[in-house]
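The values are calculated or read from the model by the stated rules, or taken from the named source; none is laboratory data. Keep in mind that this is a model prediction, so the values were computed, not measured. Here the Cβ positions follow ideal geometry from the backbone for every residue, glycine too, while neighbour counts run over all protein chains shown.
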């Protein structure tokens, strides 16, 4: 099966500093893919680069294909059709993601006019349908309101409505609930999964929150320092993480039930992208690091039919995990 | 909304009172008008008569109140030099000044704003650097230096244009050029930074991610937002239309309000100076009010605040 | 059981807030009749969403702002008047840590100087002793003297929060108020700081008030947890028990909204409606418009915090009302 989106060797550098160092990723039709990692791991940059949304001075190399069509270096008018039309995106801080001086109607209609060829009354009717779909009460009146008149959760709903306006095949949700309160986060995640089901849309959920990704995605890719270090179906990743970093992330998360244990914190900090060694970027923080880890960055290799890991100590890591579990 | 404007108008009135008071205090404390007008050699009895005629021997607070109540009644006094009503003297100079400042305002806007927008959109390019260097030069070179430079090149060296006076439209070219260049530089810098600020906002990325073509992102998403801070500086420039050409008028011997002010200050011609200051204060205050109204028009967040009141 | 170090009795605090620039001023009840006790050496976790009043409670407990009603007692003594000698002595025994360490530090000074500052202010020790103490504090937060010579900008987020912690510990306080101390940090760094805080608490016998929206972190570090909603405590109880068996419908929704790896969202309680607005507090139980189980009584009568057995207290007609019926 040809994947819907296929990213190969995607690299990004800002002023000579590499922030994305060869990302390979495939997204199937209707699939929900989670992308986790800490700040600076490159999870947002991956998709901003794929859609040509990075500042001009960013140097982007590699390949991003949608239905086999190359997006990197595609002419602007072609990209404009894909953005919002085939691949839509929503962002972390809903309050600043909408234009403060334009009405909701204007901002929604803009997307509809661009991708749906709707005119006049039909635009308004569709805008109202979308607002209703995302659960904005009193849509008719709210259309003429400005973004500052809505709460954070409501604005995120409007962002989702706007993203759905072009009937996209993929929705990239970049930390969509990070700025929201817990109960509102639950509402938005629920909304995302229901519209995804209804529209048969694929979704990429970018989050630093393992729990959010685990619950809402079929498959998860863990990123560290500009690379994917592990990729697995989400239930397997959380039950049986193989890469030491994935293990570390899960161990660092305090449990909500069961006995309390001391958190297994990962020592040290994320490496400075300007001073990265040739070896595995995680090696300086890794308890299992051996000499060869410092020599070359490991590539993603399959360890099962649907799992890949970039770690030469994967076997040792797996044994260590089973060992601790057996104790 | 009404209360919002009542507040603004109240503040404007207070500004005018302060300006009038300030003018009174500074001028009265910096020298004796009788001595300035009649000269140090004038006989004491002439000086005394002059002071009595103009009320200068009354207690200072009495002079202030007297003067203030006159202004409130619209009586702005007479020039101490030739006895004509000060307001007439000032008003007959206004057209000459506007003949310089109005065209200059148009050139500033027509030059500065597009240059700023272009520089912001092509940040770091050769054109951006050129615009910024010109802007910094226009910003830092004082207008009298620029004026003299232009005179040196176009009047003295090339002999294309007259260096001073008000005899034909050709006499206005150099003063207008001087005013326009400095103002355009300020506007270009300001517009560029407002535009860069807006272009870095998340909603610009949102618009691009919707598939809005870049040209439209700029015109319908970035410009309306960048207009908000730019209006502030434009309002300030409108406020300086009446008396913003003091230096340029002096250099080019242009008989406008600015030149009148310089002469009046030198002569301690109180009534005329106060009259001009009042006019300037009125112009600034009015332009500020216009800016406030425009803000409400451009920024729905402020509009909403007004509507609640 | 040791006596409470900090005792908060029905404190209330309201602000007058204007809608818009010249709108009519409306009273916002940020905190409304909150009572708490924190025993020596223990941690009380305070959870809630934005607008719940948890941060205001923290500030009142620390004496950073006075309550309109009610009082706070520290070690059996009432809070001294601000600016007095007694107040300074009390303040040296209680410190605060905020979410944003960069905002709490001065970018223009080396961090060691900033750790030393409270010692200079309170005149503790000779200059040489202060120098030693700074080194000791840096080691206590697992940093080196080399870190002390740096400026805040040259440190990572986790390291900065350690510096803030070292500074807070300089005067050997008994009590620490931590307001979202790890919320801005990445998961792996968050775990480092949480572990450090737990270790220091055990070593130094610190008493903590730990304010956070993150249930996991709160559970990890707290003995007792109080849940706030629109200025009131709706449920309070021992940490493990409260999260395992939440009683109040709001606590249930919060616990169920906290995503967990390895669990799919089946059976999640998703609350409808907008987040609470302190300026428009509903009548009766403030939670009733969003409550999936609300009855008529909830809209008119404010439920009081009542014991439901053990050390658990809940403010909900449905929970405590059922108890009364059972008893009858």
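Keeping to segment C:63-103, report how many residues are in contact with a strand residue (DSSP E or B) (Cβ under 7 Å, 6 or more places away or on another chain), in contact (Cβ under 8 Å) with a residue 40 or more places away in the chain and within 18 Å of residue C:3 (Cα to Cα).
Of the residues in segment C:63-103, 7 are in contact with a strand residue (DSSP E or B) (Cβ under 7 Å, 6 or more places away or on another chain), in contact (Cβ under 8 Å) with a residue 40 or more places away in the chain and within 18 Å of residue C:3 (Cα to Cα).
Can you tell me which condition residue B:260 does not meet? The list is (1) part of a helix (DSSP H, G or I); (2) surrounded by fewer than 18 Cβ atoms within 10 Å (Cβ to Cβ), and all the others hold.
(2)
If you scan segment C:140-175, which residues turn out to be over 21 Å from residue C:206 (Cα atoms) and in a loop (DSSP other than H, G, I, E, B)?
Hits for segment C:140-175 are C:144, C:149, C:150, C:151, C:155, C:156.
For the structure I just gave you, tell me whether residue C:252 is within 13 Å of another protein chain (Cβ to nearest Cβ) and free of Cβ contacts under 8 Å to residues at least 60 places away in the same chain.
Criteria met by residue C:252.
Can you pull out every residue in segment B:61-80 that is surrounded by fewer than 12 Cβ atoms within 10 Å (Cβ to Cβ) and over 17 Å from residue B:278 (Cα atoms)?
Listed by number, the residues that qualify are B:61, B:62.
Could you please find all residues in segment A:230-241 being more than 7 Å from chain C (Cβ to nearest Cβ) and closer than 30 Å to residue C:242 by Cβ? Reasoning before the result, please.
Residues of segment A:230-241 that are more than 7 Å from chain C (Cβ to nearest Cβ), as a first pass: A:230-234, A:236-237, A:240-241.
Once the filter is applied, which keeps residues that are more than 7 Å from chain C (Cβ to nearest Cβ) and closer than 30 Å to residue C:242 by Cβ, segment A:230-241 yields A:234, A:237, A:241.
At pLDDT 90 or above and part of a helix (DSSP H, G or I): is that true of residue C:133 in this structure? First the steps, then the outcome.
Working: at pLDDT 90 or above: yes; part of a helix (DSSP H, G or I): yes.
Taking the combined requirement at face value, the residue satisfies it.
Can you tell me which residue is nearest to residue C:197 (Cα to Cα) among those in segment C:77-98 that are buried (at least 16 other Cβ atoms within 10 Å of the Cβ) and touching a helix residue (DSSP H, G or I) at 6+ places or on another chain (Cβ under 9 Å)?
Start the filter on segment C:77-98 by keeping residues that are buried (at least 16 other Cβ atoms within 10 Å of the Cβ), which leaves C:79-80, C:90-92, C:94-98.
Add one more test, that the residue is touching a helix residue (DSSP H, G or I) at 6+ places or on another chain (Cβ under 9 Å), and what stays is C:79-80, C:92, C:94-98.
On the way: C:79: 26, C:80: 28, C:92: 19, C:94: 15, C:95: 14, C:96: 13, C:97: 11, C:98: 14 Å.
Top of the filtered list is C:97.
Anything in segment A:204-223 that is in contact with a strand residue (DSSP E or B) (Cβ under 9 Å, 6 or more places away or on another chain) and either more than 14 Å from chain C (Cβ to nearest Cβ) or farther than 20 Å from residue A:91 by Cβ (or both)? List them, or say none. Give the derivation first.
To start, the set of residues in segment A:204-223 that are in contact with a strand residue (DSSP E or B) (Cβ under 9 Å, 6 or more places away or on another chain) comprises A:204-210, A:212-214, A:216-223.
Scanning segment A:204-223 gives A:204, A:206, A:210, A:214, A:218, A:219, A:220, A:221, A:222.
Could you please find all residues in segment A:242-278 being more than 29 Å from residue C:260 (Cα to Cα) and either within 12 Å of chain C (Cβ to nearest Cβ) or at pLDDT 90 or above (or both)?
Applying the first criterion (more than 29 Å from residue C:260 (Cα to Cα)) to segment A:242-278 yields A:272-278.
Residue satisfying the conditions is A:272 alone.
Name the one entry in B:136, B:156, B:212, B:145 that is more than 21 Å from residue B:111 (Cβ to Cβ), in a helix (DSSP H, G or I) and without any contact (Cβ under 8 Å) to a residue 60 or more places away in the chain.
Numbers: B:136 fails: more than 21 Å from residue B:111 (Cβ to Cβ); B:212 fails: in a helix (DSSP H, G or I); B:145 fails: more than 21 Å from residue B:111 (Cβ to Cβ).
Of B:136, B:156, B:212, B:145, the one residue that is more than 21 Å from residue B:111 (Cβ to Cβ), in a helix (DSSP H, G or I) and without any contact (Cβ under 8 Å) to a residue 60 or more places away in the chain is B:156.
Per-residue answers, yes or no, for (1) assigned to a strand (DSSP E or B); (2) at positive phi:
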{"position": "C:7", "(1), (2)": "yes, no"}
{"position": "C:10", "(1), (2)": "yes, yes"}
{"position": "C:27", "(1), (2)": "yes, no"}
{"position": "C:36", "(1), (2)": "yes, no"}
{"position": "C:72", "(1), (2)": "yes, no"}
{"position": "C:86", "(1), (2)": "no, no"}
{"position": "C:107", "(1), (2)": "no, no"}
{"position": "C:112", "(1), (2)": "no, no"}
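Looking at residue A:180, is it in contact (Cβ under 8 Å) with a residue 12 or more places away in the chain, buried (at least 23 other Cβ atoms within 10 Å of the Cβ) and within 9 Å of chain C (Cβ to nearest Cβ)? It would help to see each step written out before you state the result.
Details: in contact (Cβ under 8 Å) with a residue 12 or more places away in the chain: yes; buried (at least 23 other Cβ atoms within 10 Å of the Cβ): yes; within 9 Å of chain C (Cβ to nearest Cβ): yes.
Yes, satisfied.
Wholly within segment A:160-274, which strands (runs of 3 or more DSSP E) include no fewer than the required count, namely at least 2 residues that are touching a helix residue (DSSP H, G or I) at 6+ places or on another chain (Cβ under 8 Å) and over 30 Å from residue A:105 (Cβ atoms)? Please lay out each step first, then the result.
Working: elements: A:170-174, A:202-207, A:219-224, A:227-233.
Fully inside segment A:160-274 and qualifying: A:219-224, A:227-233.
Quick check on my filter: what residues within segment C:164-204 are over 23 Å from residue A:261 (Cα atoms) and within 14 Å of another protein chain (Cβ to nearest Cβ)?
Those that are over 23 Å from residue A:261 (Cα atoms) and within 14 Å of another protein chain (Cβ to nearest Cβ): none in segment C:164-204.
Among the residues of segment A:10-25, is there at least one that is modelled with pLDDT under 95, assigned to a loop (DSSP other than H, G, I, E, B) and within 11 Å of another protein chain (Cβ to nearest Cβ)?
Scanning segment A:10-25 turns up no residue that is modelled with pLDDT under 95, assigned to a loop (DSSP other than H, G, I, E, B) and within 11 Å of another protein chain (Cβ to nearest Cβ).
Which one of the conditions (1) in a helix (DSSP H, G or I); (2) closer than 30 Å to residue A:48 by Cα; (3) free of Cβ contacts under 8 Å to residues at least 12 places away in the same chain does residue B:293 fail to meet, given that it meets all the rest?
Of (1) in a helix (DSSP H, G or I); (2) closer than 30 Å to residue A:48 by Cα; (3) free of Cβ contacts under 8 Å to residues at least 12 places away in the same chain, only one is false for residue B:293: (2).
For residues that are more than 18 Å from the chain's Cα centre (by Cα) and crowded, with 24+ Cβ neighbours inside 10 Å, tally how many sit in segment B:159-193.
3
Do we find a residue being surrounded by fewer than 16 Cβ atoms within 10 Å (Cβ to Cβ) and more than 8 Å from chain A (Cβ to nearest Cβ) anywhere in segment B:197-204?
The answer is yes; a qualifying residue exists.
Name, by its number, the condition in (1) modelled with pLDDT of 90 or more; (2) crowded, with 18+ Cβ neighbours inside 10 Å that does not hold for residue A:142.
Result: residue A:142 fails condition (1) only.
Looking at segment A:165-172, can you tell me whether even one residue there is closer than 30 Å to residue C:185 by Cα and within 14 Å of chain C (Cβ to nearest Cβ)?
No, every residue in segment A:165-172 fails to be closer than 30 Å to residue C:185 by Cα and within 14 Å of chain C (Cβ to nearest Cβ).
Right, residue A:148: crowded, with 18+ Cβ neighbours inside 10 Å and within 7 Å of chain B (Cβ to nearest Cβ) or not? Reasoning before the result, please.
Numbers: crowded, with 18+ Cβ neighbours inside 10 Å: no; within 7 Å of chain B (Cβ to nearest Cβ): yes.
Criteria not met by residue A:148.
Which numbered condition trips up residue B:99, out of (1) at pLDDT below 90; (2) farther than 21 Å from residue B:239 by Cα?
Result: residue B:99 fails condition (2) only.
So residue C:186 ticks every box in (1) touching a helix residue (DSSP H, G or I) at 6+ places or on another chain (Cβ under 6 Å); (2) crowded, with 19+ Cβ neighbours inside 10 Å; (3) modelled with pLDDT under 95 but one. Which box is left unticked?
Failed condition: (1).
So, in segment A:292-306, of the ones that are in contact with a helix residue (DSSP H, G or I) (Cβ under 9 Å, 6 or more places away or on another chain) and in a loop (DSSP other than H, G, I, E, B), which residue ends up surrounded by the fewest Cβ atoms within 10 Å (Cβ to Cβ)? Give the derivation first.
Residues of segment A:292-306 in contact with a helix residue (DSSP H, G or I) (Cβ under 9 Å, 6 or more places away or on another chain): A:293-294, A:298, A:301, A:303-304, A:306.
Of the ones still in play, those that are also in a loop (DSSP other than H, G, I, E, B) are A:298, A:306.
Details: A:298: 22, A:306: 11.
For segment A:292-306, the residue satisfying everything is A:306.
Go through C:41, C:51, C:23, C:45 for me and flag whichever is more than 25 Å from residue C:172 (Cβ to Cβ) and either within 17 Å of the chain's Cα centre (by Cα) or at pLDDT 90 or above (or both). Before the answer, list the steps.
Values: C:41 fails: more than 25 Å from residue C:172 (Cβ to Cβ); C:23 fails: either within 17 Å of the chain's Cα centre (by Cα) or at pLDDT 90 or above (or both); C:45 fails: more than 25 Å from residue C:172 (Cβ to Cβ).
Being more than 25 Å from residue C:172 (Cβ to Cβ) and either within 17 Å of the chain's Cα centre (by Cα) or at pLDDT 90 or above (or both) holds for just one of C:41, C:51, C:23, C:45, which is C:51.
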